[in-house]
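Read through the structure below, which is laid out as structure tokens, and then see the notes.
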Amino acid sequence: MKPTVYICREMPEELIAPVREHYEVRMWESTSEAVPRDVLLREVADVDALWTVISDQIDEEVLNAAPSLQLIVNMAVGYNHIDVQAAAARNIIVTNTPDVLTETTADLAFALLMATGRDLIGAENALREGRWTSWEPLGFTGTDVYGATLGIIGMGRIGEAVLRRAKGFDMDVLYHNRNRKSEMEDMYGCRYAELSDLLASSDYVLILVPYSEETKGMIGEKQLSEMKETGILINVARGGIVDEDALYDALRTKKIHAAGLDVFETEPVPLDHPLLTLPNVTVLPHIGSATVKTRKAMMKLNVEALLAFAQGEEPNHQVRG
Ligand code: NAP
């Protein structure tokens with residue numbers, strides 16, 4: 001008898017076809033709406049494998065409802081929405097999709113940094129709303145990217161990919177990371193800094209650490225007060241790493257100049273969120289990895305993990321807490 005997989009979002013049939021050869025496939029048939037919690041809890045009751053996306057909270061309750069679950073393949077590199085410790089305690093393998101999204105997410109991080117620094121969205125809105133009435137000596141002015149100091153918090157795969165882009169803009173790059181990366185320092189001429197030093201010295205602070213118990217609220221009132229008044233905060237990692245109330249206060253009172261956010265504590269971010277009322281915030285709907293090529297490459301990695309498991313092999317890209 002074939003094992004059963006439940007897919008939490010509708011995926012393209014051409015990618016699922018090989019999975020059908022090895023699994024009984026059931027799927028939440030919507031691309032835009034997350035599988036409702038009660039449906040998920042019901043569907044996992046007899047599954048051997050689960051294919052998740054970041055909006056699926058896979059916690060003890062879900063794992064307890066899934067007594068035969070052995071594999072979770074997750075369509076993201078970040079896996080903070082999955083209780084990986086609880087999964088490991090039940091011998092459930094969890095896999096993610098690193099590497100294939102690194103360059104795409106670095107492109108987006110750099111694009112958001114530039115868009116925030118030069119207030120591209122504000123300038124476009126002004127034009128569309130008829131507020132471009134004349135050339136002004138200091139009209140629509142922003143912050144330089146070329147030659148500025150960039151502080152990267154989390155010098156992993158995506159951090160390094162951003163660092164390579166920053167070097168093309170002659171930026172002075174500081175980084176803060178759990179482990180020091182001497183080889184990278186030698187190769188690119190970037191410098192390690194303690195968090196406080198990085199915050200105080202950077203024109204742009206870019207967050208690229210995973211969300212974890214350690215990084216939750218890592219950037220709060222104290223850290224924001226250590227940034228330059230002209231400083232710009234960019235978060236492309238996960239919402240909960242930045243205390244959004246503290247960020248709102250810092251932006252409103254001009255303790256920092258601006259922020260660019262691809263991620264939020266609650267996603268989709270509610271339209272009445274205070275941060276959305278501020279003119280000095282550039283916001284995006286969590287699109288770091290969003291190119292057709294990369295999203296399909298992520299799906300393909302998930303399929304490969306499912307097929308490996310069905311054939312009794314060790315799936316690649318296993319994550320542990
Ligand atoms: P990665 O290669 O694992 O890099 C993460 C880096 O953060 C590692 O170098 C790690 O240090 C460092 N780190 C972890 N905890 C830390 C802490 N407490 N203090 C300081 N540094 C710490 O991951 P990645 O592939 O670059 O992805 C990074 C994150 O980006 C993901 O976890 C995900 O949340 C986010 N992401 C977002 C999008 C989006 O659409 N916006 C897309 C992709 C990824 P070590 O060297 O010590 O391990």
With all protein chains present, the range 264-321 has a carbon and sulfur share of its accessible area (1.4 Å probe) in percent of 57
Can you tally the net charge around GLN311? Count Lys and Arg as +1, Asp and Glu as -1, for every other residue whose Cβ sits under 15 Å from the Cβ of GLN311. -3
Mind checking which of ASP262, ASP172, ASP59 has the largest fluctuation in a GNM of the chain, springs on alpha carbons under 10 Å? ASP59
Listed residues THR102, THR291 arranged by accessible area, highest first, probe 1.4 Å: THR291, THR102
Given the -39500 (n - 2.57) contribution per DSSP H run of 4+ residues, what per-residue ellipticity at 222 nm results for the chain, rounded to the nearest 500 deg cm²/dmol? -10000 deg cm²/dmol
Given a 10 angstrom Cα cut-off, can you work out which residue in ASP249, ASP46, ASP272 is the most mobile in a GNM of the chain? ASP272
Can you list which of the GluC sites (Glu not before Pro) found in the range 1-88 are DSSP loop residues with at most 13 other C-beta atoms within 10 Å? GLU29, GLU33
Long-range HN-HN contacts of THR149 with modeled amide H, under 5 Å: ASP172, ASP203, TYR204
Given all pairs of distinct Cα atoms, the range 168-321 yields a Kirkwood Rh in Å of 17.7
Amide hydrogen neighbours beyond the local backbone of THR97, cut-off 5 Å, H modeled: ALA76, VAL77
Residue by residue, what Karplus-based ³J(HN,Hα) values in Hz, rounded to whole numbers, does the range 109-115 have, using 6.51, -1.76 and 1.60 with θ = phi - 60° and x for Gly and Pro? 4, 5, 4, 5, 4, 5, 5
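Please work out the Cα convex hull volume for the range 73-198 and give it in Å³ per residue. Could the numbers behind the result be given before it?
Numbers: hull volume 20.9 nm³, N = 126.
Cα-based convex hull of the range 73-198, divided per residue, equals 165 Å³.
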Using each residue's phi in the range 75-85, evaluate 6.51 cos²θ - 1.76 cosθ + 1.60 at θ = phi - 60° and report the 3J(HN,Hα) Karplus result to the nearest Hz, with x for Gly and Pro. 8, 5, 7, x, 9, 5, 8, 10, 7, 5, 5
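What net charge is computed for the residues neighbouring ALA297, neighbours being all others with C-beta under 15 Å from the C-beta of ALA297, Lys and Arg scored +1, Asp and Glu -1? Mind showing how you got there, number by number?
Details: positive: ARG157, LYS293, ARG295, LYS296, LYS300; negative: GLU14, ASP99, GLU103, ASP107, GLU304.
Residues near ALA297 contribute 0 overall.
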In whole angstrom, the spacing between the Cα centers of the range 150-208 and the range 32-100 equals 33
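Lysine pairs, Cα distance under 17 Å, 8 or more residues apart or cross-chain: how many in the chain? Can you show the working numbers first?
On the way: LYS167/LYS181; LYS222/LYS254; LYS222/LYS255; LYS228/LYS254; LYS228/LYS255.
Lysine pairs meeting both conditions in the chain amount to 5.
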If the only charges are +1 at each Lys and Arg Cβ and -1 at each Asp and Glu Cβ, what is the size of the charge dipole of the range 81-218 around the Cα centre, to the nearest 20 debye? 280
With springs connecting C-alpha atoms under 10 Å apart, model the chain as a Gaussian network and identify which of ASN80, ASN302, ASN125 has the largest mean-square fluctuation. ASN125
One finds the C-alpha centres of the range 127-148 and the range 261-304 to be spaced, in Å, by 26
Pop out the ³J(HN,Hα) list for the range 119-133 in order, Karplus 6.51 cos²θ - 1.76 cosθ + 1.60 with θ = phi - 60°, rounded to Hz; leave Gly and Pro as x. 6, 4, 5, x, 5, 5, 4, 4, 4, 5, 8, x, 8, 8, 9
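For the range 100-257, with all protein chains present and a 1.4 Å probe, just round the carbon and sulfur fraction of the accessible area to a whole percent. Please report the intermediate quantities before stating the final value.
On the way: 3930 of 8120 Å².
Roughly 48 percent of what the probe reaches on the range 100-257 is carbon or sulfur.
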Rounded to two decimals, the Rg over Rh value of the range 123-258 from Cα coordinates and the Kirkwood Rh reads 1.02
Averaging the inverse of every distinct alpha carbon separation and then flipping it gives the Kirkwood radius. What is it for the chain, in angstrom units? 21.1
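If eta is 1.306 mPa s and T is 10 °C, what Stokes-Einstein diffusion coefficient results for the range 1-134, Kirkwood Rh from Cα pairs, in µm²/s?
Stokes-Einstein gives a translational diffusion coefficient of 92 µm²/s.
Determine the per residue accessible area of the chain with all protein chains present and a 1.4 angstrom probe, expressed in square angstrom.
On the way: 15990 Å² over 321 residues.
On a per-residue basis, the chain sits at 50 Å².
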Just want the answer: with Cβ charges of +1 for Lys and Arg and -1 for Asp and Glu, which residue in SER225, MET27, ILE92 is farthest toward the dipole's positive end in the chain? SER225
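The values are calculated or read from the model by the stated rules, or taken from the named source; none is laboratory data. What you are looking at is a predicted structure, and each value in this text was computed from that prediction instead of being measured. Counting neighbours? That spans all protein chains shown, and the Cβs are built from the backbone with ideal geometry, glycine included. Remember, those area values only see protein heavy atoms, side chains included, never the ligands or the DNA or RNA. Shrake-Rupley method; radii C 1.70, N 1.55, O 1.52, S 1.80 Å.
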